[in-house]
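To start, the structure itself, in structure tokens.
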């Protein structure tokens, strides 16, 4: 028996080495692949690590000597929705579990005062919400109570006054099959999209109810200040009867308040408020409205004629922020914006993308992202829209940018880390 265990342990120790050698042979080199941030053999050149945040003016954005607003809003960062090691084979140094402390220090240096963290859950072929674990949801699984408590502690130590928590709900079968290029028609997600609205209210919501009550207990235990009680990533509101869904939330809200003493709210897009009889909005404390022209048809329409000009973009942001749908949010709700503006040419009209390493149909444009952020902050500065705060969502967990980072093209994504828009965020943190 002892000999058997020695063989098993030896195999476990040798297997990473064998994997490394195989990968080296496949890439034609005995040097680590792009993205590796561990030790390097002496014959390999190590990529230069991007440094800490340092502010400088951007030559394509004119300076203006503005006085800080007296009634300031809360500017915050929403971390990228990954938890764990996002790589399929080896840890390339970007495991978000190891990068919490460095990221909290980083967002403090750019004057973020609030943090939005994304937790995870998945649903199966029976449309039941279940826990996302390392075995069934690699790279995007549930944050443990101790891990979340550590995030909150480090956030507060680094000047994050409020910590928000949301839960992404997704279908891993759809993600895996899409990545493999397989047929998606039999995945739970595609079946829900087919139009049977009862799937949400009759099959999914009961198990979501159990899950979010469990999450509310975790939020209470770990010091979360604001909890979002509807799922993000997969939005019930797009696939369910709103009246039935509204009644489900009216039943759920008191149960959550029994477990959680912080503020509770909804995550949504502006078109959802076309239904002004959604009475559960009167029972919550806040809403986070996502700005992404990919998922908000009103924003897409408004920004369809925008040009890469601050005045043009300001006009579009004002039209979006002045839309009649905002009037359907009750006055007792605090309103926060969640901003997803990628950094590729055409992003302001096309919105969110998830480009992989081999995608070459997008052209990187840090300036377009920065101009959009500048226009948004100017719009907020000059007019009162009853906005309580703004999150820049998708902030990358490490300082690395593709090709040094993993194969997801974070140089094109909505993350502002190590990009011009990060300087814009810092500049306006002192003003609004």
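Read-outs: derived from the displayed coordinates by stated rules, not from any lab. In this text, all values refer to a predicted model and were calculated from it rather than measured experimentally. Neighbour counts run over all protein chains shown; Cβ positions are idealised from the backbone, glycine included.
Using the number of other C-beta atoms within 10 angstrom as an exposure proxy, rank 109, 232, 307 with the fewest first.
Least to most surrounded, the residues fall as 307, 109, 232.
Along its principal axes, what span do the Cα atoms of region 170-232 show, with the longest given first and each in whole Å?
Ordered largest first, region 170-232 gives principal extents of 42, 28, 15 Å.
Pairs of Cα atoms under 8 Å, at least six residues apart: use those to get the relative contact order of the chain, whole percent.
Relative contact order for the chain comes out at 19 percent.
Please give the contour-minus-distance gain from residue 309 to residue 210: 0.36 nm per residue of separation, less the Cα-Cα distance, rounded to one decimal in nm.
Roughly 30.9 nm would be gained on extension.
Starting with the highest mean, order 208-217, 110-119, 142-151 by the number of other Cβ atoms within 10 Å, averaged over the residues of each peptide.
The packing order, highest mean first, is 110-119, 208-217, 142-151.
Once you sort the root eigenvalues of the Cα gyration tensor of region 242-351 as a ≥ b ≥ c, which label holds: rounded (a/c under 1.5), prolate (a/b larger than b/c) or oblate (the other case)?
Prolate, since a/c reaches 1.5 and a/b exceeds b/c.
Apply the a/c threshold of 1.5 to the C-alpha gyration tensor of the chain and tell me whether it is rounded, prolate or oblate.
Oblate is the answer for the chain, as a/c is 1.5 or above yet b/c matches or exceeds a/b.
Relative to the present Cα-Cα distance, how much length would full extension add between residue 258 and residue 381 at 0.36 nm per residue of separation?
Gain on extension, residue 258 to residue 381, equals 40.4 nm.
Calculate, in nm to one decimal, what residue 55 and residue 182 gain on full extension: separation in residues at 0.36 nm each, minus their alpha carbon distance.
Extending this stretch completely gives an extra 41.2 nm.
Antiparallel as a % of all DSSP beta bridges within region 60-429, to the nearest 5?
For region 60-429, the DSSP antiparallel bridge percentage is about 10.
Estimate the FRET efficiency between residue 65 and residue 282 by the formula 1/(1 + (r/R0)^6), using the beta-carbon distance for r and 60 Å for R0, to the nearest 0.05.
Efficiency computed from Cβ-Cβ geometry: 0.90.
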